Amino acid sequence: MLDYPYPATFMGDLPANPVKVSYPYPATFMGDLPANPVKVSYPYPATFMGDLPANPVKVACGYILDTSDYLQGVANAAGLYYNGTHGTMKCFDIETEFIECADPTGCGVGPDSLAWDYQACTEFIMPAGSTNVTDMFPELPYTLQMREKYCMQKWKIVPRNSWVNVQFWGKDIQSASNIVFSNGSLDPWRRGGVSKSVSESLVAVLVEGGAHHLDLRFSNPADPPSVTKARQLEVQNIQQWIKQFQRTLI
């Protein structure tokens with residue numbers, strides 16, 4: 001009602017286009033819905049990044065598809081992530097539950113979120129804004145310049161944009177050795193991983209039906225066979241590397 005193209009004081013001291021100014025909060029709040037539950041879509045209930053049921057993406061999609069009121073369905077799906085399986089919140093406080101940080105998908109809350117925010121400012125480059133052209137999300141730009149400005153304001157540091165490539169050789173990893181690169185087929189981070197084996201000691205394994213670092217979690221009866229095989233491959237390679245090293249000591 002008051003979305004004038006200029007600052008106005010009618011019913012409040014508002015900037016020009018106040019709806020657009022406040023827009024990033026609900027947009028980024030809802031943007032976490034498809035980004036994070038799919039990352040932790042484990043085949044059993046888990047509390048990593050929230051109190052979530054088994055296969056939370058399927059559950060969230062069910063909330064949306066099993067109702068004629070799609071907006072309410074989306075709200076229910078968001079509640080699964082932000083309010084948890086056994087949540088008791090009646091309302092969402094968007095500005096409290098989604099805190100701006102260097103990761104455009106959000107860092108969460110608490111001490112862990114601060115650690116990830118600092119790491120996103122110093123080690124990782126994640127200027128992954130959305131355009132609504134190349135993706136299904138609302139237009140929310142997030143550039144290197146925006147990230148640098150945020151990191152300076154929050155942590156008084158300038159991001160090292162080339163650190164990852166220098167530290168881990170970027171795509172030129174042939175000189176490395178003794179690494180198993182595991183990626184889950186459900187994990188959005190897989191796009192940035194090594195998907196093909198580079199050498200006999202640089203081995204890639206894809207965990208079909210696996211979410212974010214499923215192979216590094218404790219075993220569970222609901223684990224798919226693919227993650228069991230991946231763990232066996234990892235153990236076999238580690239044992240082989242240890243034996244190779246021990247032989248050099250003789």
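Given the structure, is VAL194 under 27 Å from PHE245 (Cβ atoms), in a strand (DSSP E or B) and among the aliphatic types (A, V, I, L, M)? So VAL194 fails the test. Close contacts from region 80-103, counting a first residue that is over 18 Å from TYR150 (Cα atoms) and a second that is open to solvent by less than 30 Å² (accessible area, probe 1.4 Å) and modelled with pLDDT under 70, with Cβ to Cβ under 6 Å and a gap of 6+ residues or different chains, come to TYR81/LEU33; ILE94/PHE29. Only one of the numbered conditions (1) in a loop (DSSP other than H, G, I, E, B); (2) surrounded by 13 or more Cβ atoms within 10 Å (Cβ to Cβ); (3) within 18 Å of the chain's Cα centre (by Cα); (4) not charged (D, E, K, R) is not met by LEU114, and that is (1). Of the residues making up region 45-91, those that are exposed (fewer than 11 other Cβ atoms within 10 Å of the Cβ), part of a loop (DSSP other than H, G, I, E, B) and over 22 Å from the mean Cα position of the chain (by Cα) number 7.
Of all residue pairs spaced 6 or more apart or on separate chains, those with beta-carbon atoms under 7 Å, a first member in region 113-126 that is touching a residue at least 40 places away in the same chain (Cβ under 8 Å) and under 10 Å from PRO159 (Cα atoms) and a second member that is open to solvent by 60 Å² or more (accessible area, probe 1.4 Å) and outside any helix (DSSP H, G or I) are THR122/ARG160.
The values are calculated or read from the model by the stated rules, or taken from the named source; none is laboratory data. Remember, it's a predicted structure, so these values are computed and weren't measured experimentally. Here Cβ is always computed from backbone atoms with ideal geometry, including for glycine, and neighbour counts include all displayed protein chains. Note: areas computed on protein heavy atoms with side chains; ligands, DNA, RNA excluded. Shrake-Rupley method; radii C 1.70, N 1.55, O 1.52, S 1.80 Å.
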